[in-house]
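A.B. asks: Below: one structure in structure tokens.
What follows is calculated from the coordinates using simple rules that are stated; it is not laboratory data. Please read these numbers as outputs of a predicted model, since none were measured by experiment. Glycine gets a Cβ as well: all are built from the backbone with ideal geometry, and neighbour counts include every protein chain shown.
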């Protein structure tokens, strides 16, 4: 499985919801996504990043691998935190991104069971980042306006675009 890089148009499209109970290869797909994420030294990966139009993410925070189908953030804290983020689809670039410090996320397990995650700090950031991918949003889109051009220029130069 190969991770797509910016400016692939697949990364800018909104992924479609799935029915985990009827998606026959979902378990194998999620396993392959996790292997790819680990091979790339990532802590999160969304299906669109590997060219698949499904609302599925995998992540590993605190040595706990998990997968979510159709995740939706239902609550954001008022407290925001700016931190540097990298992305497997935008290699070699770190972008200061403002995110909610705490979120509540609902989704489904790969077995189709509903799940709610109350996440703070790194886990909240990873979930927000990966859900952005499902909506066609990259860290470049979240870059502060005054830095956006220079970040994109540096990325393009580093990747001969």
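A.B. asks: Would you mind computing, in nm to one decimal, how far apart the modelled labels at residue 17 and residue 75 are, each placed 7 Å from Cα along Cα→Cβ?
C.D. replies: Between residue 17 and residue 75, the label points sit 2.1 nm apart.
A.B. asks: For the chain, what is the calculated [θ] at 222 nm in deg cm²/dmol (nearest 500), taking -39500 (n - 2.57) for each run of four or more DSSP H residues and dividing by its residue count? Write down the numbers at each step before the final one.
C.D. replies: Working: 4 runs with 46 residues, N = 161.
Helix contribution divided over all residues of the chain: -9000 deg cm²/dmol.
A.B. asks: Can you tell me the 0 to 90 degree angle between the C-alpha axis of helix 145-158 and the longest principal axis of the chain, rounded to 10?
C.D. replies: Helix 145-158 sits at roughly 90 degrees to that axis.
A.B. asks: Suppose the chain between residue 32 and residue 122 were pulled fully straight at 0.36 nm per residue; how much longer would it get relative to their current alpha carbon spacing?
C.D. replies: So the extension gain works out to 30.1 nm.
A.B. asks: Quick check on packing: order 100-110, 1-11, 150-160, 124-134 by the mean number of other C-beta atoms within 10 Å, highest mean leading.
C.D. replies: 124-134, 100-110, 1-11, 150-160
A.B. asks: Now for a separate question. Run the numbers for residue 137 and residue 153: contour at 0.36 nm per residue of separation, minus the present Cα-Cα distance, in nm.
C.D. replies: 3.9 nm
A.B. asks: By how many degrees, between 0 and 90 and to the nearest 10, does the Cα long axis of helix 121-134 differ from the longest principal axis of the chain?
C.D. replies: Taking Cα atoms only, the helix is inclined about 90 degrees.
A.B. asks: Measure nothing fancy, just the Cα-based angle from helix 26-39's long axis to the longest principal axis of the chain, in degrees from 0 to 90, nearest 10.
C.D. replies: Tilt relative to the chain: about 30 degrees.
A.B. asks: Something else: Apply the a/c threshold of 1.5 to the C-alpha gyration tensor of region 41-127 and tell me whether it is rounded, prolate or oblate.
C.D. replies: Details: a/c = 1.83, a/b = 1.11, b/c = 1.65.
Oblate is the answer for region 41-127, as a/c is 1.5 or above yet b/c matches or exceeds a/b.
A.B. asks: Given that just one value was derived from the coordinates, which of (i) 1.00; (ii) 1.31; (iii) 1.23 is Cα Rg over 2.2 N^0.38 Å?
C.D. replies: So the calculated entry is the one marked (i).
A.B. asks: Using the 10 angstrom Cβ neighbour count as an exposure proxy, how do 117, 18 rank, fewest first? Walk me through the numbers before you get to the answer.
C.D. replies: On the way: 117 16, 18 21.
Lowest count first: 117, 18.
A.B. asks: Using a basic spin-label model with each label point 7 Å from the Cα along Cα→Cβ, how many nm lie between residue 98 and residue 160?
C.D. replies: Each label point is offset 7 Å from its Cα along the Cβ direction, giving 3.8 nm.
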